[in-house]
Amino acid sequence: MSMIAENGVVADDEPAGGPQLPHARQGQSFEDELAAREEGALEARYREAADAGDPGAASLLGAMLLRRGALDDAEPYLRRAATEGLRAGANNLGVLLHQRGHAVEAAQWWREAAVGGSAPAAHSLGLHLREQGDLPGAEYWLRQAAEQGHTHAAFALGDLLEHRQESAGAEKWFRVAAEVGHQEAAFRVGLLREAANDTEDAESWYRQAAARSHGPAALRLGAVVEARGEREEAARWYRAAAQAGEPGAACALGFLLRDSGDEVGAADWWREAAEAGDGNAANALGTLHADWGETEMAEQWYRTALGLGEVSGAYNLGLLCVGSGREAQAEQWYRQAAYAGHREACNALAVMLLDRGDEPGAEPWFSKAAEAGSADAAFNLGILHERRGELPAAHQWYARAAAAGHAEAALQLGVAKERRGDLASAAARYRQAAEGGSVEGAFRLAVILERREDDGGAERWYRAAAEAGHGRAQVRVGVRAAERGDTEAAERWYRIAAEGGSRSGAFNLGLLLDSAESSESRLWYMRAAEAGHGRAALRLALLAARAGDLGAARAWCSRAAELGPEGVTARAERLLDALRATA
């Protein structure tokens with residue numbers, strides 16, 4: 001609690017002709033020497049007058065001695081002034097007694113001075129009452145002082161009102177204090193404006209405080225300007241905040257540098273922040289070493305992070321253990337993080353339990369993670385319920401995951417809608433999945449758009465899925481290219497699909513090459529047939545028959561009949577009958 005002595009110590013006017021200038025001692029400036037001489041002379045005059053019974057001089061002398069820390073010498077003079085009814089003396093006596101640990105008696109003298117109109121005394125009394133839990137009394141005296149223009153009282157009143165969640169009143173008094181230069185008050189106005197989504201006004205208050213070397217304000221200002229993409233200015237403010245002793249700023253600067261590709265610079269700032277006690281920085285440093293393949297260093301920093309209270313350290317230790325095959329240790333770390341409320345650890349623990357068949361043990365951890373906002377856990381709960389045939393519950397969890405941006409959950413909802421024939425809703429969910437990165441979602445959306453004859457939309461999403469490696473989409477892009485007469489593009493996409501294992505891609509490539517009379521076509525028919533494509537097997541049978549290789553023709557006919565589908569089976573059986581008749 002900050003207490004302020006009253007009564008400034010002001011020198012009397014110098015006699016005519018000015019003072020005699022002393023020589024400055026070594027290590028002391030001329031101005032300091034002169035000020036010391038003047039203060040000594042002033043103290044002597046006050047002491048003489050106070051000892052002669054002047055209570056005003058006693059008050060001034062006591063204030064001077066109090067500021068110097070000479071409490072034993074100051075107390076009798078301040079008591080005399082306070083007893084004589086001087087409010088400054090009463091306030092300063094309260095300050096002295098508070099410094100000596102006599103809070104109750106200090107409050108009595110502050111009350112006497114405050115009743116007499118002393119703003120510093122009202123401020124000190126208000127702070128004392130707040131410490132004692134008397135919030136109405138604290139508010140009354142802080143308001144008395146603040147309304148007299150006492151800056152620190154205005155801030156303290158704002159702090160009290162904010163504690164009571166009276167944001168409007170808090171902001172009013174923070175502004176009063178900030179407008180006369182109170183740094184912390186300016187910062188607090190900024191926080192309140194930012195909480196009200198008035199980022200522009202918040203920024204101006206952060207700038208005011210940060211310009212006066214307020215570390216937390218510089219940190220918030222850095223975050224505000226970074227959010228709008230001004231990374232260089234953000235870095236300057238983060239550096240300023242870090243130099244003012246904010247470990248969080250050094251940590252934020254590390255993330256800024258990492259995102260710009262400077263991992264070594266990021267590591268330097270994270271190390272500085274971690275050594276200052278920032279667990280998030282230690283965790284980030286561990287992740288960086290893990291990415292570099294330095295698992296021992298990663299483990300060391302994760303343990304440091306955990307020791308600093310960052311539970312992500314335990315989760316990441318679990319990931320390290322999984323990566324090195326230490327499943328039992330991984331489970332221990334996951335459990336430690338999960339019990340501390342780390343949602344991704346809850347989900348990871350549940351996955352581990354489910355993988356070894358402990359569904360009853362897994363489900364509560366999935367639920368805990370999902371309730372904490374884990375989209376992955378909500379999706380996994382959907383899968384659990386769907387496995388058990390509990391479709392309404394499954395769809396509820398999928399919907400929750402999809403609302404949090406989980407693309408595969410949106411895909412599952414789209415599939416369910418399509419099965420019920422609700423293609424409009426299915427398309428909406430597939431679009432959500434596709435825009436979230438689901439390749440299957442993009443393909444399924446394209447299929448529906450093609451049915452609606454939305455060729456532009458279908459082409460876009462088929463191509464997106466194809467470029468992401470979706471075999472069926474690659475075939476469809478090839479088919480659409482062939483329909484346009486672009487055989488070069490068609491061949492390229494069929495070949496990509498075929499080489500990726502698509503039997504339809506291999507068959508279509510064979511047809512395309514066959515029409516171009518390429519000897520390569522038979523190789524692709526064979527690959528498609530061996531992968532189970534009935535039409536490819538039938539095509540091989542026809543080619544073999546034309547070449548007079550009736551044994552191979554009969555073999556491929558039999559294979560085509562087995563593979564189907566129904567039309568292929570019927571044609572293969574007719575051809576086989578004809579071949580037998582020929583034999």
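The values are calculated or read from the model by the stated rules, or taken from the named source; none is laboratory data. It should be emphasised that the depicted structure is a prediction, and the values quoted were computed from it without experimental measurement. Positions of Cβ are backbone-derived with ideal geometry, glycine not excepted, and every protein chain shown enters the neighbour counts. The accessibility values were calculated without ligands, DNA or RNA, using every heavy atom of the protein model including side chains. Shrake-Rupley method; radii C 1.70, N 1.55, O 1.52, S 1.80 Å.
Worth pointing out:
- Residue within the stretch 539-560 that is outside any loop (DSSP other than H, G, I, E, B), under 20 Å from residue 470 (Cβ atoms) and either touching a strand residue (DSSP E or B) at 6+ places or on another chain (Cβ under 8 Å) or open to solvent by 40 Å² or more (accessible area, probe 1.4 Å) (or both) present: no
- If you go through the stretch 527-538 and keep only what is within 58 Å of the chain's Cα centre (by Cα), assigned to a helix (DSSP H, G or I) and crowded, with 19+ Cβ neighbours inside 10 Å, you end up with 527, 528, 529, 534, 535, 536, 537.
- Within the stretch 511-522, being in a helix (DSSP H, G or I) and either of a type in the set (Asp, Glu) or at pLDDT 95 or above (or both) holds for one residue alone: 514.
- The set of residues in the stretch 189-243 that are farther than 18 Å from residue 255 by Cβ, touching a residue at least 12 places away in the same chain (Cβ under 8 Å) and acidic (Asp, Glu) comprises 194, 203.
- Verdict on residue 310 being touching a residue at least 12 places away in the same chain (Cβ under 8 Å), assigned to a loop (DSSP other than H, G, I, E, B), closer than 23 Å to residue 292 by Cβ and among the charged types (D, E, K, R): yes
- Only listed residue being in a helix (DSSP H, G or I), open to solvent by less than 60 Å² (accessible area, probe 1.4 Å) and β-branched (Val, Ile, Thr), chosen from 224, 264: 224
- Members of the stretch 173-199 that are open to solvent by 50 Å² or more (accessible area, probe 1.4 Å) and under 12 Å from residue 151 (Cβ atoms): 175, 176, 179, 180, 183, 184
- Any hit, the stretch 294-305, residues being open to solvent by less than 20 Å² (accessible area, probe 1.4 Å), under 27 Å from residue 401 (Cβ atoms) and in contact with a helix residue (DSSP H, G or I) (Cβ under 9 Å, 6 or more places away or on another chain): no
- Condition met for residue 468 (of a type in the set (Gly, Ala, Ser), open to solvent by 60 Å² or more (accessible area, probe 1.4 Å) and touching a residue at least 12 places away in the same chain (Cβ under 8 Å)): yes
- Identity of the residue in the stretch 118-138, open to solvent by 10 Å² or more (accessible area, probe 1.4 Å) and without any contact (Cβ under 8 Å) to a residue 24 or more places away in the chain, that ends up nearest to the chain's Cα centre (by Cα): 133
- Filter result for residue 272 (open to solvent by 50 Å² or more (accessible area, probe 1.4 Å), over 27 Å from residue 334 (Cβ atoms) and not β-branched (Val, Ile, Thr)): yes
- Selection within the stretch 90-106 - of a type in the set (Gly, Ala, Ser) and crowded, with 20+ Cβ neighbours inside 10 Å: 90, 94, 106
- Candidates 148, 183, 108 - the one that is touching a His at 6+ places or on another chain (Cβ under 8 Å) and under 28 Å from residue 63 (Cα atoms): 183
- Any chance residue 405 is touching a residue at least 12 places away in the same chain (Cβ under 8 Å) and closer than 19 Å to residue 457 by Cβ: no
Residue-by-condition table, conditions (1) in contact with a strand residue (DSSP E or B) (Cβ under 8 Å, 6 or more places away or on another chain); (2) of a type in the set (Asp, Glu); (3) surrounded by fewer than 17 Cβ atoms within 10 Å (Cβ to Cβ); (4) farther than 18 Å from residue 294 by Cα:
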residue	(1), (2), (3), (4)
314	no, no, no, no
321	no, no, no, no
324	no, no, yes, no
338	no, no, no, yes
364	no, no, yes, yes
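- Here residue 443 fulfils each of the conditions (1) surrounded by fewer than 19 Cβ atoms within 10 Å (Cβ to Cβ); (2) modelled with pLDDT of 95 or more; (3) part of a helix (DSSP H, G or I) apart from (1).
- Those residues of the stretch 31-47 which are surrounded by 12 or more Cβ atoms within 10 Å (Cβ to Cβ) and modelled with pLDDT under 85, in sequence order: 32, 33, 34, 35, 36, 37, 38, 39
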